[in-house]
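Engineer: The structure under discussion is supplied below as structure tokens; questions concerning it will follow.
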Amino acid sequence: MHNPYDAYKSNTVFTATKEELTLMLYDGALKFCNQALLAIEKKDIEKANEMIMKVQAIVQEFQLTLNEKYEVSTQLNLLYDYIYNRLFEANIKKDAEILTESRDLLRSMRDTWKEAMKLARKTTGTSQLPTSN
């Protein structure tokens, strides 16, 4: 049987702007971080590993899609690299404190991105932000 919620989610992704997709990726990364933290708390090592690897994949996607023509891309790449490495360390050690640090950095970046989208809409009437090449 076809789930209407799945159809809605799929349609949302297919009709989203690049900016909205970036926001969705940030939200996904935060969701997976929270799931990994819960798994660490429950000593579910396999689930924690799976969730942290999902966050790492999203961080890598952010790095791969940085638009190098913007000066801020270099700093963002360094920050993403730091987060990725901290996630790696958190995964090896199953360390909730390191994972929380990574989650908090991603949350701050998501909040900044969301605010930039709002400002872009006010200024230009669209949400055109420098997302990818």
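Engineer: Kirkwood Rh and Cα-based Rg: tell me the resulting Rg over Rh for the range 1-124, rounded to two decimals. Kindly include the intermediate steps, with their values, before the conclusion.
Structural biologist: Values: Rg = 15.8 Å, Rh = 15.6 Å.
Checking Rg against Rh, the ratio lands at 1.02.
Engineer: Given bins 5 angstrom wide, list per bin the percent of all Cα-Cα distances in the range 39-84, short to long.
Structural biologist: The percentages, shortest bin first, are 5, 22, 22, 16, 13, 9, 7, 4, 1.
Engineer: Heavy atoms only, probe 1.4 Å: what % of the accessible area of the range 83-127 goes to carbon and sulfur, would you let me know?
Structural biologist: That fraction is 53 percent.
Engineer: For each pair in Lys18/Lys54; Lys31/Lys118; Lys93/Lys114, compute the distance between the two Cα atoms and list the pairs where it is over 24 Å. Provide the component values of the computation, followed by the final result.
Structural biologist: Numbers: Lys18/Lys54 20 Å; Lys31/Lys118 22 Å; Lys93/Lys114 32 Å.
Correct reply: Lys93/Lys114.
Engineer: Quick one: accessible area per residue over the range 39-133, 1.4 Å probe, rounded to a whole number of Å²?
Structural biologist: 63
The values are calculated or read from the model by the stated rules, or taken from the named source; none is laboratory data. Being a predicted model, the structure only gives us computed values, none of them experimental. Note: accessible area is taken over every heavy atom of the protein model, side chains too, but ligands, DNA and RNA are not part of it. Shrake-Rupley method; radii C 1.70, N 1.55, O 1.52, S 1.80 Å.
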